[in-house]
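Read the figures in this text as sums done on the coordinates, not as results from a lab. Nothing here was measured: the structure is a model prediction, and the numbers come from that model. Cβ coordinates were reconstructed from backbone atoms using ideal geometry, including for glycine residues, and neighbour counts include every protein chain displayed.
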Amino acid sequence: MWEIFKEPNKRSKYVKKIVQMLNDSETLYYLNMATDKRNRYDREAMTDLFFFKTKILIVMITLIALLNKLGLPDIIKGYHNGGEFPIKSAFLVGLSFVIIIIHILKLDDYCINNLIYNNEMNKKKKKTNEFINTIKKDPKNISYAFLRSTVKEAFSKVIESLERMNFEMCQKYMSTEFYDGLQSQCKRYSFENIGRIIEELEFIEAEPVGLIHHHDSYKDIVWFVIKYNAKDYVVDETDGEILFGNNKVKEFEQYWKFQKAEENTWLLSDVVAKGERDIKKCFNIIEEF
């Protein structure tokens, strides 16, 4: 959603593909996770468990049929009858076993990472919600009673502003620094005839996953995980060419940072894509006295 603010371009298609990959935080995230096994819990959720197990079942059925076709019966028959060993059939069967095993292990790797990440996020959601429910009973923390409604309202206004490429309508929902940065980028892109298309938007959830609570000031910070489905892409308004993203529905998962500005006011001060933060290190409950 926010990758537009990382230099979209109008160069050749090959150059644009390379720049898009380098600018796309999710692409960099995949590359990073492929080499960094220590952060397996934070791998992008590819699909649900049912899909993977179903796919594994299909692969196993295909394996049985393939082995039979390639000559596994001939190998067994030659072994028991003491005849000539079918080297070609044995090679093909062995190669098939290796390919299928690698494929299954890869599926299980994605599945495990997905489960670990979801489990970690669910724990943080539960702990953060419990903490908020406790502290908002104190009259000094009455602002937490309006936090969820503020987040949902801000989400709606921000999406509308992204489509218009103008954030004036949601200025009151953002910190000054964050607003100024986005607005200046929008003004520059408007001169370059760059437009934003967001279609088939479906809001999924907005849940707190970490916070910093100050007992003697109004400087609290709460991180929310935001999920939604949408077609989200950037076009050249002169010819309609897609410069960034694609026109297919995709699930977006991002972390939105809300900071208390006054006693009952929350402002959006940062948005980062999934994978740009280590959830174990960054999204915790911290109390400062």
Nearest-20 debye value, region 136-288 charge dipole, Cβ charges on Lys, Arg, Asp, Glu: 440 debye
30 Å Cα-Cα threshold exceeded, pairs from 172/248; 136/172; 140/281; 123/187: 172/248; 123/187
Length released on extending from residue 264 to residue 62, taking residue separation times 0.36 nm less the Cα-Cα span: 66.7 nm
FRET efficiency, residue 126 to residue 247 (Cβ-Cβ, R0 41 Å, nearest 0.05): 0.65
Value in Å of the Kirkwood radius, where region 136-288 supplies the Cα pairs that are averaged: 16.7 Å
Relative contact order %, region 136-288, counting alpha carbon pairs below 8 Å whose residues are six or more apart: 22 percent
Sequence of 218, 173 once ranked by neighbouring C-beta atoms within 10 Å, starting from the fewest: 218, 173
Cα lying deepest toward the dipole's positive end in region 136-288, options 225, 254, 283, charges on Cβ: 283
Computed label-point distance, nm, for sites residue 229 and residue 137 using a 7 Å Cα→Cβ extension: 3.9 nm
